[in-house]
């Protein structure tokens, strides 16, 4: 027995250098690259996330983030600090069921070292109210919030979800700097998800196998890129669904119209939308923190794409650790280019109204 104990100790001692080396490798194996003027990590380590606004959208995002173990710390900020405290308490009570993390109600100083900050603060869209009707109220909110973020943290990626998201994304980028790629608007990621879901229902296929985009404004002037839409590489004009559905132009136009008006239908029934956009925000945060280089229809400032500039609007875009990595230059039809330009002009006219 004594000999066995000695053998165990000897084996343990011989393993220590190897174990130490492996642990050091795990801790130190972080690769860095330069994105603009920022040094950003491409490791898959967990990170600190800030959330400004703990209404239904913010709370839905926080709940999704907690369940997916993407961060080890989440800071909740709200003008109503008591509400942020209540959300933190409620979320913390669920931690025994998921991976441990730190969730607190804090202030802007607490997100000075956050890697990504999600903004969902602002007035809610009411029944009968368009996203652009919210402009005056929420523009004032963002011109208060974003400078406070930029004052304490000039490196974090900022994700904008508040409506009208395209205009607020542009205002945010104007404050922190257009050339940084730091500001990502949730844009039409939810519209694209709705579109793919409805196409999947129509054709009887998994919506994850559908490659179709909604671009332009997150709102009434958005458009579908029909010229690029396909299912597993097969264009919609050639695809036959599992139930024998062939190409039906009228049905597809109906799907787009239901996509465009989906938010109004939900708001009429339950006053607000929040679950799906919460998951959409999670997908953006995951693409950034894990440096996934995911193609998403997010909103960002245009620099001449399809003849559009001086506004933020959605196009298929590569999102990674550095934020906006690249907007894809896709070959689309002339009609789609014209509709995209019209959507951009609609937003620019509203932006000009507030100066």
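None of the figures in this text is laboratory data; all of them are computed from the coordinates on show. Quantities reported herein were computed from a predicted structural model and do not represent experimental measurements.
Only Cα pairs under 8 Å and at least 6 apart count here; give the relative contact order of segment 57-139 as a rounded whole percent.
Numbers: 70 pairs, mean separation 25.1, N = 83.
With pairs under 8 Å counted, the relative contact order is 30 percent.
Using only Cα atoms and rounding to the nearest 10 degrees, what angle (0 to 90) does helix 2-28 make with the longest principal axis of the chain?
30 degrees
Provide the gained length on full extension for the span residue 104 to residue 237, in nm with one decimal, where the gain is 0.36 nm per separating residue minus the Cα-Cα distance. Display every interim value, and only then the final one.
On the way: separation 133, 0.36 × 133 = 47.88 nm, distance 5.12 nm.
Computed gain between residue 104 and residue 237 is 42.8 nm.
Considering the alpha-carbon set of segment 268-355 alone, what are its Rg and its Dmax in angstrom?
15.2, 40
Sort out for me the Cα centre separation of segment 99-141 from segment 242-267, rounded to whole Å.
Segment 99-141 and segment 242-267 have Cα centres spaced 31 Å from each other.
To test your reading of the geometry: what angle, between 0 and 90 degrees and rounded to tens, separates the Cα axis of helix 56-68 from the longest principal axis of the chain?
So the helix axis and the longest Cα principal axis differ by about 40 degrees.
Can you give the Rg/Rh ratio of segment 114-198, where Rg is from the C-alpha atoms and Rh is the Kirkwood radius? Show your work: numbers first, answer last.
Values: Rg = 13.4 Å, Rh = 13.4 Å.
In segment 114-198, Rg relative to Rh is 1.00.
Suppose a student asked you for the relative contact order of the chain, using Cα pairs under 8 Å spaced at least 6 residues apart; what percent would you report?
On the way: 639 pairs, mean separation 59.0, N = 355.
Relative contact order here is 17 percent.
With both bridge residues required to lie in the chain, what share of the DSSP beta bridges run antiparallel, to the nearest 5%?
Values: 25 of 46 bridges.
Looking only at bridges with both residues in the chain, the antiparallel portion is about 55 percent.
What number results when the radius of gyration of the chain, computed over Cα atoms, is divided by 2.2 N^0.38 Å? Can you show the working numbers first?
Numbers: Rg = 22.9 Å, N = 355, 2.2 N^0.38 = 20.5 Å.
Compared with the compact-globule rule of thumb, the chain sits at 1.12.
Which of rounded, prolate or oblate describes segment 189-354 when judged by the alpha-carbon gyration tensor and an a/c cut-off of 1.5?
Values: a/c = 1.35, a/b = 1.31, b/c = 1.03.
Taking the square roots of the gyration eigenvalues as a ≥ b ≥ c, segment 189-354 is rounded.
Tell me the mean residue ellipticity at 222 nm calculated for the chain from its helices only (DSSP H runs of n ≥ 4, each -39500 (n - 2.57), averaged over every residue, nearest 500). Don't jump to the answer; show the numbers that get you there.
Working: 9 runs with 155 residues, N = 355.
Calculated mean residue ellipticity at 222 nm is -14500 deg cm²/dmol.
Using alpha carbons only, how many degrees (0 to 90, rounded to 10) separate the axis of helix 275-289 from the longest principal axis of the chain?
So the helix axis and the longest Cα principal axis differ by about 60 degrees.
Pull up the DSSP beta bridges for segment 114-236 and report the antiparallel fraction as a percent, rounded to 5.
Working: 6 of 13 bridges.
In segment 114-236, approximately 45 percent of DSSP beta bridges are antiparallel ones.
Taking a quarter of the surface of the convex hull around the Cα atoms of segment 140-248, what do you get in nm²?
Values: hull surface 33.4 nm².
Average projection, Cα convex hull of segment 140-248: 8.3 nm².
Taking 0.36 nm per residue of separation and subtracting the Cα-Cα distance, what length does fully extending residue 341 through residue 95 add? Kindly include the intermediate steps, with their values, before the conclusion.
Numbers: separation 246, 0.36 × 246 = 88.56 nm, distance 4.67 nm.
The residue 341-residue 95 span can extend by a further 83.9 nm.
Taking a ≥ b ≥ c as the square roots of the Cα gyration tensor eigenvalues, with a/c under 1.5 meaning rounded and otherwise prolate when a/b beats b/c, else oblate, which class fits segment 45-185? Before the final figure, lay out each step's value.
On the way: a/c = 1.94, a/b = 1.34, b/c = 1.45.
Since a/c reaches 1.5 but b/c is at least a/b, the shape of segment 45-185 is classed as oblate.
Counting alpha carbon pairs within less than 8 Å and at least 6 residues apart, what relative contact order, in whole percent, applies to segment 281-355?
Numbers: 100 pairs, mean separation 20.3, N = 75.
RCO, segment 281-355: 27 percent.
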